[in-house]
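Inspection log for the structure reproduced underneath, given as structure tokens.
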Amino acid sequence: DTAVSQTPKYLVTQMGNDKSIKCEQNLGHDTMYWYKQDSKKFLKIMFSYNNKELIINETVPNRFSPKSPDKAHLNLHINSLELGDSAVYFCASSPVPPLDRQYFGPGTRLLVL
Amino acid sequence: EDQVTQSPEALRLQEGESSSLNCSYTVSGLRGLFWYRQDPGKGPEFLFTLYSAGEEKEKERLKATLTKKESFLHITAPKPEDSATYLCAVLGTGGFKTIFGAGTRLFVKA
């Protein structure tokens with residue numbers, strides 16, 4: 001059973017396109033996160049939702065918009081994709097924000113051409 | 001601002017050659033320090049949480065320790081399957097963000 005799943009695993013697209021990444025967790029956790037990992041392997045928090053409420057909103061271009069339809073799902077929509085958006089995007093969840101360990105998904109590798 | 005620095009960036013060991021990875025941190029009040037392992041093409045996998053200076057935790061060949069300024073991940077008699085990137089992260093009292101370091105890439109040769 002996959003605890004945190006993301007789709008798609010790979011995403012190759014042209015500059016200017018709009019794309020979405022989906023995340024689902026079956027752990028019953030209240031808190032979910034989106035992280036961006038760049039080529040230097042730094043993991044940076046982008047957003048966090050606790051029970052569908054946005055609790056972390058980092059300095060991210062407003063082309064990025066998270067959406068949490070319920071506490072088991074957190075999607076990321078990106079408008080007008082740019083070359084610099086190329087990275088690996090990880091979804092994560094935790095039972096208690098954020099003192100507890102986080103459970104990460106497998107990542108979505110986004111390449112913008 | 002909370003900050004995490006890991007060293008070395010990369011470490012090459014022979015199988016059985018013990019060593020340590022360092023994580024130096026600056027945080028306005030530590031709520032927790034986390035160690036994760038990340039294999040190529042996969043998401044980080046949780047190893048340990050340390051909450052206060054002097055605390056130690058062990059799991060198989062790994063042992064994590066914590067002081068007021070840094071944490072060490074000691075690897076005893078490593079095996080090739082221990083090859084991975086090890087990430088350190090801190091959570092301060094200032095907010096909800098977990099701050100990650102850039103990681104140490106460990107290579108263990110048979």
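So the values come out like this:
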read-out: Residue-normalised accessible area of region B:3-109, expressed per residue, 1.4 Å probe, Å²; value: 48
read-out: Protein-protein interface of region B:26-58, residues with accessible area decrease of at least 30 Å², isolated chain reference, 1.4 Å probe; value: B:R31, B:F34, B:Y36, B:Q38, B:G41, B:G43, B:P44, B:F46
read-out: Violating pairs (Cα-Cα greater than 23 angstrom) within the set B:K59/B:K109; A:K9/A:K40; B:K42/B:K69; A:K71/B:K63; value: B:K42/B:K69; A:K71/B:K63
read-out: Relative contact order (percent, whole number), region A:4-94, Cα cutoff 8 Å, 6+ residue spacing; value: 38
read-out: Ellipsoid semi-axes in whole angstrom, largest first, where each is sqrt(5λ) of the Cα gyration tensor of chain B; value: 24, 14, 11
read-out: Semi-axes of the equivalent ellipsoid for region B:12-66, Cα gyration tensor, largest first, Å; value: 22, 15, 11
read-out: Debye intensity ratio in log₁₀ form over the Cα atoms of region B:53-102, taken at each q of 0.19, 0.22, 0.25 Å⁻¹; value: -0.77, -0.95, -1.09
read-out: Evaluated over region A:1-71, the Cα radius of gyration and Dmax, each in Å; value: 13.1, 36
read-out: Candidates B:G41, B:G29, B:G54, ranked by Gaussian network fluctuation over chain B, Cα under 10 Å, top entry; value: B:G41
read-out: Protein accessible area in the protein assembly as shown, 1.4 Å probe - carbon and sulfur %; value: 48
read-out: Restricting region A:1-83 to trypsin sites (Lys or Arg not before Pro) in coil, as DSSP defines it, with at most 15 other Cβ within 10 Å; value: A:K9, A:K40, A:K52, A:R63
read-out: Per residue convex hull volume, Cα atoms of the protein assembly as shown, in Å³; value: 121
read-out: Exposure rule at most 12 other beta-carbon atoms within 10 Å, DSSP loop trypsin sites (Lys or Arg not before Pro): chain B longest free segment; value: B:1-67
read-out: Reference-scaled alpha-carbon Rg (2.2 N^0.38 Å with N residues) for region A:52-113; value: 1.22
read-out: Value of relative contact order over chain B, rounded to a whole percent, pairs C-alpha under 8 Å and six or more apart; value: 37
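The values are calculated or read from the model by the stated rules, or taken from the named source; none is laboratory data. Every value quoted in this text rests on a predicted model; they were computed, and no experiment measured them. Because the Cβ atoms are built from the backbone with ideal geometry, glycine has one as well, and the counts that use them run over all protein chains shown. Side chains are part of the model used for accessible areas, which takes the heavy atoms of the whole protein and leaves out ligands, DNA and RNA. Shrake-Rupley method; radii C 1.70, N 1.55, O 1.52, S 1.80 Å.
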